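The structure appears right after this line, and notes come after that.
Every read-out reported here was derived from the displayed coordinates using simple, explicitly stated rules and does not represent laboratory data. The structure displayed is predicted, hence computed values, not measured ones. Here the Cβ is made from the backbone with ideal geometry for all residues, glycine too, and neighbour counts use every protein chain on show.
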Amino acid sequence: MATEIDYYVNILDVFQTYFKKKYNMDNLSLFDNIDDEESSNEQLDELYDAIEFYKDYQNNNDSEPPLLVPDEIDIKNMIDRFGNIYGLEIDGTLTYISMSLFTIIAYVASLDWIKINWNIITINNT
């Protein structure tokens with residue numbers, strides 16, 4: 001039985017895997033280039049931004065950012081409203097989208113994510 005800490009470790013593992021795929025960086029640690037307690041790196045900055053967006057959305061909407069089925073929403077309107085949105089592909093099929101990267105990462109972490117073929121993509125106007 002998974003514990004709460006396992007869930008959070010999975011979130012970090014999923015984020016690490018997402019970041020490595022996104023930037024094609026196989027030999028990357030979450031703490032690379034951290035020299036002291038005031039240092040950061042691009043990976044931690046992106047994770048921090050994802051968590052902050054999630055928290056801000058939750059505070060402003062009294063709900064978590066949703067996972068949405070692509071065929072059931074207006075993706076262009078969502079991009080216009082939020083800028084970048086994120087898509088979850090499973091076996092090459094766009095399965096869910098969200099305005100929150102962290103929402104998608106948390107969802108993937110709840111799956112048997114090591115055994116499935118998944119990818120997180122950024123969807124925007126460019």
(request) Would you list, by chain and number, the lysines whose Cα falls below 23 Å from the Cα of Lys20, excluding same-chain residues fewer than 8 positions away? (result) Lys115
(message) If I model a spin label at Asp74 and Lys22 as a point 7 Å from the Cα along the Cα→Cβ vector, what separation in nanometres do I get?
(response) 2.8 nm
(request) Filter the GluC sites (Glu not before Pro) in the stretch 11-110 to those in DSSP coil with at most 10 other Cβ atoms within 10 Å of their Cβ, and list the result. (result) Glu37, Glu38
(request) Find the relative contact order for the chain and round it to a whole percent, using C-alpha pairs within less than 8 Å whose residues are 6+ positions apart. (result) 25 percent
(request) Positive end of the charge dipole of the chain (Lys, Arg +1 and Asp, Glu -1 on Cβ, about the Cα centre): tell me which of Ser39, Val9, Ser98 has its Cα farthest that way. (result) Ser98
(request) Specify the residue with the greatest mean-square fluctuation among Ile73, Ile104, Ile85, computed from a Gaussian network of the chain linking alpha-carbon atoms under 10 Å apart. (result) Ile73
(request) Would you calculate a helix-derived [θ] at 222 nm for the chain, using -39,500 (n - 2.57) for each DSSP H run of n ≥ 4 and dividing by the full residue count, to the nearest 500? (result) -15000 deg cm²/dmol
(message) Restricting to Cα pairs below 8 Å that are 6+ residues apart, what does the relative contact order work out to for the stretch 79-126? Please round to a whole percent.
(response) 50 percent
